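Notes follow the structure.
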Amino acid sequence: MAPLTQNQSVLSWIDEKAELVKPDQIVWIDGSEKQIEALRKEACSTGELIKLNDELLPDCYYHRTAVNDVARVEDRTLICSRKEEDAGPTNHWMDPEKAYKMLYDIARDSYKGRTMYVIPYSMGPVGSPLAKIGIELTDSIYVVLNMCIMTRVGKKVLDVLGDSNDWVRGLHCKCDIDAEKRWICQFPEDNTIISVNSGYGGNVLLGKKCFALRIASYQGKNEGWQAEHMLILGIENPQGEVKYICAAFPSACGKTNLAMLIPPEGYRKKGYKVWCVGDDISWIRKGEDGRLYAINPENGFFGVAPGTNEHSNPNALASTKKGTIFTNVARNLDNNTVWWEGLDKNPPVNAEEWTGKKVNGPEWKAEGKNLAHPNSRFTAPAVNCPCISPEFENPKGVPISAFVFGGRRAKLAPLVYQSRDWNHGVFVGSIMASETTAAAAGAVGVVRRDPMAMLPFCGYNMGDYWQHWIDIGKTLDPDKAPKIFNVNWFRKDDEGNFLWPGFGDNLRVLEWILKRCDGEVDAKETAIGYVPYAKDINIEGLEGEVSLESLESILDVDKSLWETEADGIAEFYGKFGDKLPKELTEELETLKANLK
Ligand code: GTP
Ligand code: SPV
Ligand code: MN
């Protein structure tokens, strides 16, 4: 097929890679519905996709990955910078020369008998000054179809690229899905990503974590902007004013849910609305007026299915009703639809669990087994979302009032607190810790440090990344800089029950955050920062669920627990040697002094 561009840097790179992997043919993805439909048909004919009930779920498809390939693999994700120090102590590193050789040996001839798909894509609205372009080569139709939902794809992207060399190279080879030879490698200094032996989400949709976070965070450091693992939501008050918040939570800790939240009834009646700009990634840059502006570089949602239902997240559920690809959920064989834990209380009797075994759903559940994989996902077009922001396509992005950090902490972190200033806010982000989830392979529920929710996604030394945050702060007028907060929806009592209802009710906390941004409410100064007075969090309508007393207990700062935490932070910071910004050392000293 004739190339869709004359760009020499693109053509020669594709030639070179085709020479390596030896495809039977090369197909350029032009972004047309006709081509996409033909690919869906082809994938259905080989069993790669299953078409779902077209009346109940129009244009929706089902896919199962290999059972050894169901989540990101952090210990096989490498940052291949020339110097090991530039990857830093929190990344796995390999010398680029060695990595290229290893990867080329694995990839060599692996497209024989197969097609090479060339996907030109834009992260961010096509042509936006905040957007960037990538090209992914893949031998997987599943990847092509997912990229067509998650990013802006096709000829229009190449037209914007022209003959520029500023684009990110991505090579994906399924190979044999051999877990022992699976590698997800970023070469930040070469704008290059190579992924081999996986067919799962974040490992292979190279625009997402590999580019929009690992490569882009490095680009942002050099170019004066930020790539963050943050959702973007707009909160519209009854007067029709919209304020935007960016929030960073680790994987499977509530970004999609918060980004699409439905206000509690009392708020809805007053006229509050929430608009979703993005649910996972933000690219942030200073605008002409001196404020920070964020775009969502993605065009769809790769969301966690389990737990998504009519009550927890009706907007996410509605987003999955057409044009969606479901991965590793369970199937209801009676009506050819999908099911997952937490969708409803009726697991299908005639079911196929996520590995493809035919089972009786209720009996299977009674044995304590899952029908859907805990990290099963939907890939849904952003335009499907009933609360998608009217600013979603705005090439300039939206102005940010607050940054919010958060994680899963059963104890310790209060429901919400505010940093004293920007540098203290960077400290608050840097000390984030969270219980691990099924989004990455490995143990679940273990508390680990996850600064700014970027631990698995920062493409360079985390110490330099913190310095970049501090440097950005220096360029901002304090009146225009977003205020920085920390939240914890996941505090538990001694019996393991969540103490805060979460989901839509999180708006009550966001309301306090916006009032703080506007200087409309007082707060209590504590050792860790400003904590709300319980009376200032609106719990109207939560009678029976949350009392003033229980609210006080989840706003409580337990100094002895925080002293232990400070030791843990000091130990973590110790790994960074002289890369640790002195501002953060000072913040830690202040925390320790405050706890005395
Ligand atoms: P990634 O796509 O992996 O980046 O995840 P995410 O941060 O978007 O997480 P998501 O919103 O999909 O939520 C993951 C899980 O957290 C789901 O099972 C939710 O049910 C649960 N969850 C989300 N918000 C809340 C909350 O406010 N409280 C509680 N208790 N659970 C929540
Ligand atoms: C995450 O793990 O944070 C995700 C899913 O958003 S993945 O695309 O697999 O990284
Ligand atoms: Mn994520």
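So here's what we get for this one:
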read-out	value
Cross-link table Lys41/Lys174; Lys51/Lys156; Lys98/Lys181; Lys209/Lys369, entries beyond 24 Å C-alpha to C-alpha	Lys51/Lys156; Lys209/Lys369
Low-density loop positions, chymotrypsin sites (Phe, Trp or Tyr not before Pro), the stretch 485-574 - DSSP coil, at most 16 other Cβ in 10 Å	Tyr533
Cα centroid of the stretch 99-173 to Cα centroid of the stretch 1-78, whole Å	10
Cα gyration tensor shape of the stretch 5-96, rounded if a/c is under 1.5, else prolate or oblate by comparing a/b with b/c	oblate
Theoretical ellipticity at 222 nm over the chain - DSSP helices of four or more residues, -39500 (n - 2.57) apiece, nearest 500	-8000 deg cm²/dmol
Lysine pairs within the stretch 481-596, Cα separation less than 23 Å, 8 or more sequence positions apart or different chains	21
5 angstrom amide H check on Ile281, placed H, neighbours 5+ away	Met230
Residue-wise HN-Hα coupling along the stretch 427-438, computed from phi with Karplus coefficients 6.51, -1.76, 1.60 (Hz; x: Gly, Pro)	4, 4, x, 5, 9, 3, 9, 7, 6, 5, 10, 6
Sequence of Val557, Val118 from largest to smallest accessible area, 1.4 Å probe	Val557, Val118
Whole-Hz ³J(HN,Hα) from phi, Karplus 6.51 cos²θ - 1.76 cosθ + 1.60, for the stretch 488-499, glycine and proline x	8, 7, 10, 4, 10, 7, 5, 8, x, 8, 5, 8
Heavy-atom accessible area per residue - the stretch 446-596, 1.4 Å, Å²	45
Amide hydrogen neighbours beyond the local backbone of Phe249, cut-off 5 Å, H modeled	Leu231
Exposure rule at most 13 other beta-carbon atoms within 10 Å, DSSP loop GluC sites (Glu not before Pro): the chain longest free segment	56-240
Shape of the stretch 301-384, Cα gyration tensor, a/c cut at 1.5	prolate
For the chain, share of DSSP beta bridges that run antiparallel, in % to the nearest 5	65
Shape of the stretch 233-327, Cα gyration tensor, a/c cut at 1.5	oblate
Where trypsin sites (Lys or Arg not before Pro) fall in DSSP loop in the stretch 545-594, at most 16 other Cβ within 10 Å	Lys575
³J(HN,Hα) computed for each position of the stretch 240-245 - Karplus, 6.51 cos²θ - 1.76 cosθ + 1.60, integer Hz, glycine/proline x	x, 7, 10, 10, 10, 10
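The values are calculated or read from the model by the stated rules, or taken from the named source; none is laboratory data. What you see is a predicted model; the values in this text were computed from it and never measured. Cβ coordinates were reconstructed from backbone atoms using ideal geometry, including for glycine residues, and neighbour counts include every protein chain displayed. What goes into the accessible areas is simple: the full protein's heavy atoms, side chains included, and nothing from ligands, DNA or RNA. Shrake-Rupley method; radii C 1.70, N 1.55, O 1.52, S 1.80 Å.
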